[in-house]
Amino acid sequence: MRTLNIALQGGGSHGAFTWGVLDALLEDGRVAIEGLSGASAGALNAVALASGYAKGAADPRQAARDSLARIWGQISDWGALGSMQQKLASMLWGGFSNELAPANMMIAAWRNLLSPAQLNPLDINPLRDLLEREIDFAAIARHPQLKVFVSATHVNTGRAVIFTGERLTAQAVMASACLPQLFRAVEIDGESYWDGGYAVNPPLTPLIDSCASRDLMLVQINPLKRDSAPQSNAEILDRISELTFNASLLTQMRSIDFINRLIEEGALAQGRCKHVLLHRVDGGEAMAAYPASSRTSTDAAIIRTLFELGRKSGAHWLAHHVDDIGQRSTIDVRRDYLDDTREDVAAAEGKLPTARGFTPWLAQLFKRRRAGRDR
């Protein structure tokens with residue numbers, strides 16, 4: 001059986017797309033999952049799958065599918081509440097829509113004036129109740145095969161912190177999903193944390209360092225590109241949000257490509273670093289039709305539509321690429337994730353003299369250092 005590690009981006013209700021992708025992978029049965037990582041809604045999907053899988057002795061794949069369905073079914077129920085309750089649930093899920101209804105404008109004005117502790121003095125959060133009710137964190141920690149990594153952002157330093165094993169708790173997932181405009185910082189062992197998406201969305205390094213498989217699949221729900229520049233205030237805020245939560249992903253993908261290319265050039269030995277095979281599932285143009293502001297929606301119809309889109313995208317990837325697992329990457333990292341700050345990209349575009357290979361001077365430096373150690 002082919003084995004993958006899967007990294008899950010955060011993005012509020014857009015995480016229902018990820019639910020669909022995971023459902024398709026679990027149903028198909030040809031792929032084993034060794035490691036899962038996630039931030040925010042990606043963290044929620046990761047622990048939901050892992051909890052069901054760890055407890056489903058008879059049929060762990062089906063148990064994982066059932067666990068994900070229960071979680072998202074209850075999130076959909078938030079959208080079926082009465083008017084004022086629905087607004088509260090929407091706020092606690094991640095904000096307000098961009099509707100200019102007077103009630104929304106009034107609440108938004110108060111939100112700008114008051115701190116999260118003043119807006120929500122009782123620290124009410126339906127996500128906490130959902131996690132404590134549905135997720136068996138002890139079972140996840142005990143599971144001998146499936147590894148789970150959840151990221152949060154350390155408020156004081158801005159660094160990414162990874163929670164795994166016995167440190168992976170409901171509080172850790174709450175930290176990973178803590179938007180500072182809406183919630184007071186989550187405290188764990190005396191340290192304060194905010195949404196993991198600010199520092200690393202999602203975390204890729206733990207899957208590379210702690211898992212044996214060199215195949216890494218990214219489930220991406222934040223579009224990298226838009227066809228046109230935003231014009232309205234709402235569109236501008238949406239795009240800023242997308243850029244913010246994609247920034248760490250771009251950095252990580254460029255670092256992976258950097259190491260891969262050094263290995264290809266012979267500057268790094270395979271035994272010292274892992275050549276990573278990268279894969280991606282995203283919703284393409286269909287997912288791009290959903291603005292960032294729709295991530296706060298708990299409408300059951302939207303969640304179901306995103307789930308079906310995720311299932312279709314996951315099945316499409318399996319149909320075209322399952323045989324590539326363990327053999328080759330299925331995305332063009334240099335096209336999709338590199339930028340023109342790289343010397344080799346500029347050279348390829350004719351801006352600099354071309355040179356054979358990837359940054360030859362750096363490759364030669366690594367070779368000389370390795371040769372010196374081997375003497």
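The values are calculated or read from the model by the stated rules, or taken from the named source; none is laboratory data. If you're wondering where the values come from, they're calculated on a predicted model, not measured in any experiment. Here Cβ is always computed from backbone atoms with ideal geometry, including for glycine, and neighbour counts include all displayed protein chains. Side chains are part of the model used for accessible areas, which takes the heavy atoms of the whole protein and leaves out ligands, DNA and RNA. Shrake-Rupley method; radii C 1.70, N 1.55, O 1.52, S 1.80 Å.
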*Ignoring ligands, DNA and RNA, what percent of the 1.4 Å accessible area of segment 112-242 is carbon and sulfur?*
51
*If eta is 1.567 mPa s and T is 4 °C, what Stokes-Einstein diffusion coefficient results for segment 238-335, Kirkwood Rh from Cα pairs, in µm²/s?*
80
*Between segment 127-168 and segment 260-325, how many Å separate their Cα centres?*
22
*May I ask you to evaluate 6.51 cos²θ - 1.76 cosθ + 1.60, the Karplus curve with θ = phi - 60°, for each residue of segment 24-40 and list the ³J(HN,Hα) values in order in whole Hz, giving x for glycine and proline?*
5, 5, 5, 5, 5, x, 8, 10, 9, 9, 8, x, 10, 9, x, 10, 6
_For segment 274-287, Karplus couplings with θ = phi - 60° (6.51, -1.76, 1.60), whole Hz, Gly/Pro x_ = 9, 7, 8, 9, 9, 9, 8, 10, 9, x, x, 5, 5, 6
_Please compute, over every Cα-Cα pair in segment 126-283, the percentage with a separation greater than 19 angstrom._
63
*Please give the net charge around Gly12, taking every other residue with its beta carbon less than 13 angstrom from that of Gly12, where Lys and Arg add +1 and Asp and Glu add -1.*
-3
*Considering only the other residues whose Cβ falls under 15 Å of the Cβ of His316, what net charge follows from Lys and Arg at +1 and Asp and Glu at -1?*
-4
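Length gain on complete extension for the stretch Ala288 to Asn233, per 0.36 nm per residue less the alpha carbon to alpha carbon distance? Before the final figure, lay out each step's value.
Details: separation 55, 0.36 × 55 = 19.80 nm, distance 1.81 nm.
So the extension gain works out to 18.0 nm.
Starting from the alpha-carbon convex hull of segment 5-74, give the projected area averaged over all orientations, in nm². Walk me through the intermediate numbers first.
Values: hull surface 16.4 nm².
That works out to 4.1 nm², a quarter of the Cα hull's surface.
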*Express in nm, to one decimal, how much length is gained between Arg304 and His275 on full extension, taking 0.36 nm for each residue of separation and deducting their alpha carbon distance.*
6.7 nm
